[in-house]
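The values are calculated or read from the model by the stated rules, or taken from the named source; none is laboratory data. Since the structure is predicted, the reported quantities are computational estimates derived from the model, not experimental observations. Cβ sites come from the backbone with ideal geometry, for glycine too, and all protein chains shown count toward neighbours. Areas reflect the complete protein model, heavy atoms only, side chains present, ligands, DNA and RNA absent. Shrake-Rupley method; radii C 1.70, N 1.55, O 1.52, S 1.80 Å.
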Amino acid sequence: MQDPARNAPSGRRLRMSSTKKLDLDRYVPGLVTFIANKLSAGASLLYRENFGIGVVEWRVLSMLAVENGIPAQRICQVIGLDKSVVSRSLALLQKDGLVHTEVDQRDARRLLVHLTEKGHTLHDEVFQVASAREKLLLSRFTAEEQNTLIRLLNVMHEQVDKVNAHPYISRGKRKSA
């Protein structure tokens, strides 16, 4: 059997770590990320092929269906996407006549984003497919298990800001030489 460390690029030997490794079947941030990435990739392909939008545009449309007439900053805050990603998505949606903006009468520096009638119609069409995907995803859970899962995911969601703001101890940080 060949030693993989000997076959490293540029003749370098790979350092074979003896430190602990993540158990990817039990590491919750990894599991949540893996599920989200796979669901997003599948949804994006499906929505692009059938509706001409990607998953980011769908997220923006669905957010606006819940809270219409909001600033882009609110969209970023709720769905957790970067401002530049949301801005590009809004530009595409506006170009396609799915959203329009207007100046906020309370703060002229802000634009409020609204779904157009065409945007509402597209939202309703995609919503049917998104709902069917969710139903299939949860089909192996009982109603009680689904409620428990949703409750636990909401508890986890509430912890995200605390986790991201936690001042990790110095030995958890990599020190530069």
Q.
Among the residues in segment 117-135, are any in a strand (DSSP E or B), open to solvent by 60 Å² or more (accessible area, probe 1.4 Å) and out of contact with any Ser or Thr (no Cβ under 7 Å at 6 or more places or on another chain)?
A. no
Within segment 86-99, the residues that are exposed (fewer than 15 other Cβ atoms within 10 Å of the Cβ) and either out of contact with any helix residue (DSSP H, G or I) (no Cβ under 7 Å at 6 or more places or on another chain) or not in a loop (DSSP other than H, G, I, E, B) (or both) are S87, R88, A91, K95
Scanning segment 16-61 residue by residue, the ones that are surrounded by 15 or more Cβ atoms within 10 Å (Cβ to Cβ) and of a type in the set (G, A, S) total 4
Picking from S44, S62, S89, the residue that is hydroxyl-bearing (S, T, Y) and closer than 21 Å to H157 by Cβ would be S62
Within segment 89-123, the residues that are without any contact (Cβ under 8 Å) to a residue 12 or more places away in the chain and within 22 Å of the chain's Cα centre (by Cα) are A91, Q94
Within segment 136-154, residues being assigned to a helix (DSSP H, G or I) and touching a helix residue (DSSP H, G or I) at 6+ places or on another chain (Cβ under 8 Å) number 1
For L81, the lone unmet condition from (1) over 16 Å from T116 (Cα atoms); (2) not in a loop (DSSP other than H, G, I, E, B) is (2)
In segment 62-82, anything more than 13 Å from the chain's Cα centre (by Cα), farther than 19 Å from A130 by Cα and open to solvent by 50 Å² or more (accessible area, probe 1.4 Å) is listed as N68, Q73, R74
Condition set modelled with pLDDT under 75 and open to solvent by less than 80 Å² (accessible area, probe 1.4 Å), scope segment 151-177, selection nearest to V78 (Cα to Cα): answer is G172
The number of residues in segment 100-116 that are touching an Asp or Glu at 6+ places or on another chain (Cβ under 9 Å) and open to solvent by less than 80 Å² (accessible area, probe 1.4 Å) is 3
